[in-house]
Amino acid sequence: MKLIGYVRVSSEGQADNTSLEDQELKIQAYCTALNHELVGLYKDVQSGGKSDNRKGLQTAIADMLDGKADGLIVLKLDRLGRRASDVLTLIDKELQPNNKALIVIDMNMDTSTPTGKLVLTMLAGVAEFEKSQINERTKNGKKARAKTSDYANGGQPKFGHKADNKNLVVDDKEQQIIDVIRRHHKSGKSQRQIAEYLNKQGILSKQGKQWSSTTVGRILDRLYPKAA
């Protein structure tokens, strides 16, 4: 089988990478041992990222799709992408539709063989897991921000905070008003009485309106969350 080799090292240092020379030697040795013809070898010296940003990889893929090779060979999966989903996208969009193989030496994976196809199925499972993890982190991040603001979902920051260049920051003036509400609540005043006090002082809500027992109650609910 005619193969094109691809090697990559990070521009950020070699601490967690295998050198270009070592990758090249192992690819050449593998091809010799299994009687594959290595028709080209391309390289990139840059950190991981989207495959379409790597000139060496794109040239390797282009030559392969032009019929110069039957597949692509790398030493390690992470030479193609940091995440399984990135590699799977490359396989689904470029390799499989054109009947091209991917060989990953350290995984003993050759997608032109039944065993390689099984490994590919497992890789798809890993990619789906990665996707669910990312979605979960995104969801948790929004929940954490929502504790102080609706700003995470494009709404207005809750009373006591404000938007500053798309960042959520404390509004000192509103925090002082919250402190007034807290002190009056501790003194035994009802929500209606607190609202009346704020209105008499000429203090307006975030919407520029007078206070009501409901709007005061929302502040108190945040100060003293009820047990679920």
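Throughout, read-outs are computed from the coordinates displayed, never taken from laboratory work. These numbers were taken from a predicted model, which means no experiment stands behind them. Heads up, the Cβs are rebuilt from the backbone with ideal geometry, glycines too, and the neighbour counts pull from every protein chain shown.
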Exercise. For Ala101, list long-range residues whose amide hydrogen, built 1.01 Å from N in the peptide plane, is under 5 Å from its own amide hydrogen.
Key: Gly71, Leu72
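What is the extension gain from Ser212 to Ala62, computed as 0.36 nm multiplied by their sequence separation minus the C-alpha to C-alpha distance, in nm to one decimal?
Using 0.36 nm per residue and subtracting the Cα-Cα distance, I get 47.3 nm.
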Quiz item: In nm, what is the difference between 0.36 nm times the number of residues separating Val119 and Arg222 and their Cα-Cα distance?
Solution: 32.0 nm
Practice problem: Given the peptides 103-115, 80-92, arrange them by the average over their residues of other C-beta atoms within 10 Å, most packed first. | Solution: 80-92, 103-115
Quiz prompt | Greater than 22 Å apart at Cα, pairs in Lys162/Lys189; Lys173/Lys226; Lys186/Lys209; Lys2/Lys43; Lys200/Lys226; Lys55/Lys117 | solution = Lys162/Lys189; Lys173/Lys226; Lys186/Lys209; Lys200/Lys226; Lys55/Lys117
